[in-house]
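The structure appears below as structure tokens.
The values are calculated or read from the model by the stated rules, or taken from the named source; none is laboratory data. Computed from a prediction, not measured in an experiment: that's the story for all the values here. Virtual Cβ from ideal backbone geometry, glycine too; neighbours counted across all protein chains shown. In case anyone asks, the SASA skips ligands and DNA or RNA and just uses the protein heavy atoms, side chains included. Shrake-Rupley method; radii C 1.70, N 1.55, O 1.52, S 1.80 Å.
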Amino acid sequence: MSALLELQNVNKDYRIGGFFDSATLRAVKNVSFTLDSSKPEIFTIVGESGSGKTTTARMILGNEAPTSGTLRFMGQDIAAIHSRADRLKFMARAQPIFQNPFEAFNPLTTIDYFLFSTAKRFLGLRDKAAVDAATDKALNHVGLSLAEVRGRYSHELSGGQLQRIAVARALIPEPKLIVADEPVSMVDASLRMSIVNLFRDLRDRLGVSIIYITHDLSTAYYISDRVIIMHRGDVVEAGVAQEVLGNPQHPYSRALSQAVLPPDPEAARKIIMAKIQ
Amino acid sequence: MLNTLQAPTTTDSVLRVEGLKAYYQMNYFGVRREVRAVDDVSLTINRNEIYGIAGESSSGKSSLIKTIAGAITPPLRVVEGSVKFDFGGRALDVYADPQAMKAARWQNLSYIMQGSMNVLNPVRRVKHAFHDFAFKHMGISQSAFRSRVEQHLHRIGLDPRVLESFPHQLSGGMRQRLTIALATVCEPDFIIADEPTTALDVLVQQDVLALIKDIQQRMGASIIFVTHDMTVHAAIADRIGIVYAGRLVEEGPTLDVFRRPQHPYTAHLISSLPRIGDNKKRSALPGKPPNLADPPSGCRFHPRCPLAVDKCRSENPPLVVRQTGRVACWRAGEVQAA
């Protein structure tokens, strides 16, 4: 058993305030967890805005260095990656998916440009046919094909399709890990399921581990294997998703799970009427 | 508790929309394009009722409420149909009498907007927002206006001191509460709420919904509540209308729509909701939302519908009364509720 990703006592401080009058804000406090490389899983980080979940994601992707503690990806310290070649190698194995698919793609450029340049850069492909083949293969994984996407601009596609293409782009270098930061919060409720099902499918079919970051407990329950709940930088609860979310122990996780409206008119109405009194 | 689940007993209507068609008509460089964003919608909203409108993005739900509010600008134009309000005996036809519409705005008809940060001016104190939005419509002196606003804030559980704050000093939930206060300070008869909880943090969503429901009950106002989140409709709406590709495809009391959806699209929306304590695989709707510039023939849902037959491809189903609501589907009622 070897670790795919290993976080050990990771802390991140930010300095806030002016030059003379500054304070430090600890955005992430002492976070540790390990993803196993032999067992792909969907690992979910739950928390409200300001809980440190995005900062954690940025550190995993190497966009932000931890103040203390270490992050290791396949045995290599992420903060110690300096050379361009090492960085490219790392990026090919750990890929991000962003929150808003409409902002992730430049509206003035056709979508296929992003797919082709990912294939050229990470797979080192030069031959046009090989680039097309790699792109098409990744698009097939998300239920699309290059023929549907070629020459299209982002405004011609729906939010659900764009987010699928964003997933396909991340799949081109055949990564081991995908970090998805709130991938469904900008997508319609009716299309959310298709994205979330896609993650399940990627885990089972391609063996990709996914770090799924969300504030939505109902989709977290639906797809996660393990979950950690973060509150103001602290991990307040961690464990198997069904146990943690089904029977939360910490007061904050309980508050979060009670904030989920049940999809049933009678129960939901009771909650709202109780709040009024 | 149970009486809130039944439709309100008063049946007099405050809004009547009849055969409304509003299209985006564009003519650039000799290329004519027509996007049928609102296509033959008829609905009635009763006094003291929350009417939820559900539908995915680009289904035309925003165009529909803009048309109802009389807030449309070209290229969106009303092609046919009428929007008529009845504010306690004072009738108002939105597209026949623009002058009366102006007088009714905010006094009778107001609007809760989505992005609270974009509504409140970031460089001015909150009190100026109240002045800009509501002062002209109240017809009272400055000092009387100030005390009315303070009273109103107090009534909905906000400290009147927030009037002296700048928007960035307040949390997202607080700002959304202020936009609700803004929309209700004149005690309007009719409120349009466009995704008021979508941008909020999960922990404050329920409080904001409770606030809207509470104000609505106390003022006896009617609300059109637009959101794509079906769980919000479950919590707050008395009746729901489901919009698909510019058309109303189903309408009925919330409880009946959730228990026995008649239209396959509605059934899908409800069965795809994930719930804690149940992680069996849920199917996603195949295909993509239709392009309204070139909608599918017949029933617009047929390319994605699991029950589609030949008739669905050629003939558009009318919206007909069925059980407690209305539905537009040739195979209505044949769907299995989840």
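Worth a mention:
- Each of A:271, A:96, A:186 was placed along the dipole of the stretch A:3-276 (beta-carbon charges, centred on the mean Cα), and the one lying farthest toward the positive end is A:96.
- At least 30 Å² of accessible area lost relative to the chain alone, listed for the stretch A:193-231 with a 1.4 Å probe: A:193, A:197, A:200, A:215, A:218, A:221, A:222
- Legend: residues A:24, A:67, B:44, B:254, sorted from most to least accessible area (1.4 Å probe; ligands, DNA and RNA excluded), read A:24, A:67, B:44, B:254.
- Whether the stretch A:89-180 is rounded, prolate or oblate, judged on the alpha carbon gyration tensor where a/c under 1.5 counts as rounded: oblate
- Carbon/sulfur fraction of accessible area - chain B, other protein chains in place, 1.4 Å, %: 50 percent
- Once B binds A, the 1.4 Å probe can no longer reach about 4100 Å² of accessible area, counting both sides.
- Residue range of chain A that is longest and free of chymotrypsin sites (Phe, Trp or Tyr not before Pro) which are both DSSP loop and sparsely packed (at most 16 other C-beta within 10 Å): A:21-152
- Accessible area in square angstrom per residue, chain A, 1.4 angstrom probe: 44 Å²
- FRET efficiency for residue A:128 and residue B:314, using Cβ-Cβ distance with R0 set to 56 Å, rounded to 0.05: 0.80
- Computed magnitude of the charge dipole of the stretch B:14-172 (debye, nearest 20; Cβ of K, R +1, Cβ of D, E -1): 440 debye
- Share of pairwise Cα separations in the protein assembly as shown, more than 36 Å, in percent: 43 percent
- Mean-square fluctuations from a GNM of chain B, with a 10 angstrom spring cutoff on Cα atoms, peak among B:170, B:120, B:211 at B:170.
- A simple charge model with +1 on the Cβ of Lys and Arg, -1 on the Cβ of Asp and Glu and nothing else charged puts the dipole of chain B at about 400 debye relative to its Cα centre.
- Chain B: Cα Rg divided by the 2.2 N^0.38 Å rule of thumb: 1.03
- Built amide H within the under 5 Å cut-off of residue B:46, gap 5+: B:14
- Computed from label points 7 Å out along Cα-Cβ, the spacing between residue B:27 and residue A:113 is 3.4 nm.
- Take the Cβ atoms of residue B:141 and residue A:255, set R0 to 51 Å, and the FRET efficiency comes out at 0.70.
- In whole angstrom, chain A maps to an equivalent ellipsoid with semi-axes of 31, 25, 18, each derived as √(5λ) from the alpha carbon gyration tensor and ordered largest first.
- Only Lys, Arg (+1) and Asp, Glu (-1) charged, at Cβ; the stretch A:3-276 dipole about Cα centre in debye: 440 debye
- By the rule of a C-alpha distance below 12 Å, with chain neighbours fewer than 8 residues away ignored, the aspartates and glutamates paired with residue A:137 are A:174.
- DSSP beta bridges in the protein assembly as shown [antiparallel fraction, %, rounded to 5]: 60 percent
- Bridge type composition, the stretch A:3-276 - antiparallel percent by DSSP, nearest 5: 55 percent
- Pairwise label distance in nanometres, residue A:87 with residue A:238, each label 7 Å out on the Cα-Cβ vector: 2.9 nm
- Taking the charge dipole of the stretch A:3-276 about its Cα centre, with +1 at Lys and Arg Cβ atoms and -1 at Asp and Glu Cβ atoms, the residue from A:114, A:68, A:125 reaching farthest to the positive side is A:125.
- Residues of the stretch A:244-277 whose accessible area, computed with a 1.4 Å probe over protein heavy atoms, drops by at least 50 Å² once all protein chains are present relative to their chain alone are A:259, A:261, A:263, A:265, A:266, A:269, A:272, A:273, A:275, A:276.
- Whole-number accessible area per residue in Å² for the stretch B:143-223, which is evaluated in the context of all protein chains at 1.4 Å: 35 Å²
- Of the DSSP H helices in chain B, those whose Cα atoms cover at least 24 Å axially and whose Kyte score averages -0.5 or more: B:202-219
- Note on residue B:97 and residue B:307: their simple-model spin labels are 4.3 nm apart, each label 7 Å out from Cα toward Cβ.
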